[in-house]
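Colleague: Let me begin by handing over the structure; questions about it come next.
Each reported figure results from applying straightforward, stated rules to the coordinates on display, with no laboratory input. Here the structure is a predicted model, which is why all the values come from computation and not from measurement. Neighbour counts are summed over all protein chains in view; Cβ atoms, including those assigned to glycine, are modelled from backbone coordinates with ideal geometry.
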Amino acid sequence: MRKGTAKTELAGWIAFAELHPDAPVRTDGWKRQGRMWVPVGRPVRDPYIPMIAHTEEQTEELAYAALLVMCSEGPDQDLFDCTLERITRASGEGKAVALASAPDSRDGARTTFQHADEPHRLKLPRQVQAWQTMLQNIPKRPIADPWSLSTTTAGVPGEGSVAESEREYARRIAEGKARDPQLFYFHREASTGHKLSTDDGLRAAIVEASGPAVAKWSDIDSIMSLYHQADTDKAYFERVWLNRWVASSRQAFDPVRWKELKRDVRIEHGEPIVLGFDGARWRDACGFVATHIETGLQWTLALWEKPPGTVRTPSSGKSPMSRSTGPWLRRWTCIGWCWCTQTHRGSRRTWRSGRGSTASGASPSGTPTGRGRSAWRCAPTRRRRRPARSRTAATGTWRGISATPAAAT
């Protein structure tokens, strides 16, 4: 649903019913009512309700905050014991908590209901892994009939977010490529036939994305004025107000078109490639990328991200990156290197040698480079000298510097 449709409040009300000691949210049997059999409801026994968002602070300010107000200030406030960190029943059983996206801390939970707020922002590997861990906890209490709820606006395609994964899964089910009768997926967006450059077209698009019920109490004119402002990101406006999955204006390529142009290419053994390394010392990631000379195909050979909770990226001499180049140099002919000039200087000789690699080549002058060495490397970017006073401030923002491909041709 688009922005401003009270998705967070709805999730809070559902969590309130799941936690309430008297709410009939589970079927306990059937009774005859006239000529019909109707279900008999009961509350959840000892509920556990984790609520996750992009950050723990965001969770405490969104769905969990709505639940906290309902439990602490509503007519049934005497039935709950509320704090900023958790909400329990007054009897001591049951608990609702706001969680950070740390996957290990979610493992082993006996969940009865869980909620993900704006999962289109859950796109980092540790966030996706945390939600996957939470989903694996759902079948552990089948008698409690546990379930999960996600509420979100449209996200950016190609980011690999939780919302994008759920959308793709629902599409596969709709196309008959997968079967899951337990999944309910609802999505409403503005169709592509509206001309947003006109007021009538823009209004019709917003009303369609809102739905008739939401459009009745929405301030459509104020939403339209946001679109006409000079500094408005039109792609972001389409995602949050028209609920369309459109590429971000900050993306270099359209991920949908990128996926359409995907082709299967196999780089045979011995083919000439160039290896590139982007290093990091503090808050960034490290990785090797290969480029095939003939086709220009590029692919990621290895990637290391900073572990959650750590301050510094592992040193190249003590991590798998120091032992990773050997198999690549034995498989392909590396005729050039491009690497960051500011990090991992001491590891370059080890990487080029491949620790026993049989790769060899010819230098530009025709001189053989010898066993286990690449032919030559790209010229490094000149490093500017910085004043000593800026050294401390710069240690937290190291970034890799790419050598130009022209240096290798």
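Colleague: Provide the packing ranking of 294-306, 152-164, i.e. peptides ordered by the mean count of other C-beta atoms within 10 Å per residue, highest first.
Modeller: 152-164, 294-306
Colleague: Of the listed peptides 174-182, 2-10, 137-145, what is their order by residue-averaged count of other C-beta atoms within 10 Å, with the highest listed first?
Modeller: Per-residue mean Cβ counts within 10 Å order the peptides as 2-10, 137-145, 174-182.
Colleague: Which net charge results for the neighbourhood of S72, defined as the other residues with beta-carbon distances under 11 angstrom from its beta-carbon, given Lys and Arg at +1 and Asp and Glu at -1?
Modeller: Charge balance in the 11 Å sphere: -4.
Colleague: Pull up all non-local amide H partners of W332: gap of 5 or more, or a different chain, and H-to-H distance under 5 Å with H placed in the peptide plane.
Modeller: Hits under the 5 Å cutoff: G270.
Colleague: What are the ³J(HN,Hα) couplings of the stretch 41-53, residue after residue, when phi is run through the Karplus curve with 6.51, -1.76, 1.60 and θ = phi - 60°? Round to Hz, x for glycine and proline.
Modeller: Residue by residue, the stretch 41-53 yields x, 8, x, 7, 8, 6, x, 10, 10, x, 10, 10, 9 Hz.
Colleague: Something else: So how much slack lies between L79 and D46, counting 0.36 nm per residue of separation and subtracting their Cα-Cα distance, in nm?
Modeller: Difference between extended and current length: 10.5 nm.
Colleague: Check cross-link reach from K123 to the lysines: straight Cα distance under 23 Å, and skip same-chain residues fewer than eight apart.
Modeller: Filter leaves K3, K7, K234, K259, K262, K306.
Colleague: Which number do you get for Rg(Cα) / (2.2 N^0.38 Å) in the stretch 7-174?
Modeller: That ratio works out to 1.09.
Colleague: Additional query: Could you let me know the centre-to-centre spacing of the stretch 105-144 and the stretch 203-229, using Cα atoms, in angstrom?
Modeller: 33 Å
Colleague: Which order do peptides 28-35, 46-53 fall in by mean Cβ count within 10 Å, highest first?
Modeller: The peptides rank, most packed first, as 46-53, 28-35.
Colleague: Can you give me the P(r) profile for the stretch 199-259? Cα pairs, bins 10 angstrom wide beginning at 0, each as a whole percent.
Modeller: 21, 48, 24, 7
Colleague: Next up: Just tell me which aspartates and glutamates come within less than 16 Å, Cα to Cα, of K177; anything on the same chain fewer than 8 places away is out.
Modeller: Correct list for K177: E166, E168.
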